[in-house]
Amino acid sequence: MSTKQDLIEGMTGVIVEAKRVSKLLDEQGDWSVKRPAGWTPKEMFSHIASVSEQIATTGPGLLGAPEDFDFTASTNVTEMNARVVAAMSEKLSQELTQAIVANFGKIGAWVETLSDEQLATPKTFAQMKMPVSDMLGNIAILHAHHHMFEAAIRTAF
């Protein structure tokens, strides 16, 4: 199980990497070049900004949901992703980076308020039961790092 400290350090790491990758993409003029996964870096940052905003605004409600309520059961993730990326298409790359930094700051501040018991509470995501701490670690931290890695590379290896 991820600890509160693991999560805080992970959130901080996402903020650092968002700034670093954004700067790299600015230097390369590379925000609109499609990557092997099919999205441009700007679309990936739009996705990260959207997901982190959802976590920042709905995360506290997560604690009150029943253990077996699957947060993905009624969601077509592909359609949702397309919608949120399209909704952010007019944003500048710097605005997206700022949104990621702000959202992960909010999530980190919320995580700071959680007890070990709350972090250990089991919830269901994508048909898998896991502690809240691992859900946050997977959906917020690993997910963001995954897309930032994709944004920073040009070719599959």
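Remarks
- Remark: pairs (first residue in segment 106-127, farther than 14 Å from Leu63 by Cα; second residue in a strand (DSSP E or B) and open to solvent by 10 Å² or more (accessible area, probe 1.4 Å); Cβ separation under 7 Å; 6+ apart in sequence or on different chains) = Gln127/Asp70.
- Only residues that are in a helix (DSSP H, G or I), open to solvent by 70 Å² or more (accessible area, probe 1.4 Å) and among the β-branched types (Val, Ile, Thr) were counted in segment 113-157, giving 1.
- Filter result for Ser46 (closer than 16 Å to Asp134 by Cα, open to solvent by less than 50 Å² (accessible area, probe 1.4 Å) and at pLDDT 90 or above): no
- Evaluation of Ala37 against (1) open to solvent by 30 Å² or more (accessible area, probe 1.4 Å); (2) closer than 16 Å to His145 by Cα; (3) at pLDDT 90 or above; (4) of a type in the set (A, V, I, L, M, F, W, C) (one fails), failing number: (3)
- When each of Asp26, Asp6 is tested for being within 30 Å of Ser115 (Cα to Cα), of a type in the set (Asp, Glu) and in contact (Cβ under 8 Å) with a residue 40 or more places away in the chain, the lone residue that passes is Asp6.
- Residue selected from segment 4-31 under the condition over 16 Å from His145 (Cα atoms) and modelled with pLDDT under 95, by the criterion most open to solvent (accessible area, probe 1.4 Å): Glu27
- Pairs where the first residue, in segment 63-88, is under 20 Å from Ala144 (Cα atoms) and the second is polar (S, T, N, Q), C-beta under 6 Å, 6+ apart: Val84/Ser50; Val85/Ser46; Met88/Ser46
- Members of segment 128-152 found to be touching a residue at least 40 places away in the same chain (Cβ under 8 Å) and more than 12 Å from the chain's Cα centre (by Cα), listed by number: Lys129, Pro131, Val132, Ser133, Asp134, Glu150, Ala151, Ala152
- Those helices (runs of 4 or more DSSP H) of segment 1-89 in which at least 3 residues are more than 25 Å from Gly108 (Cα to Cα), considering only elements entirely within it, cover 4-28, 77-87.
The values are calculated or read from the model by the stated rules, or taken from the named source; none is laboratory data. What you see is a predicted model, and the numbers here were worked out from it, not measured in a lab. FYI the Cβ positions are ideal-geometry reconstructions off the backbone, even for glycines, and counts take in every protein chain you see. We work out accessible area using only protein heavy atoms, side chains counted, and drop any ligands, DNA or RNA first. Shrake-Rupley method; radii C 1.70, N 1.55, O 1.52, S 1.80 Å.
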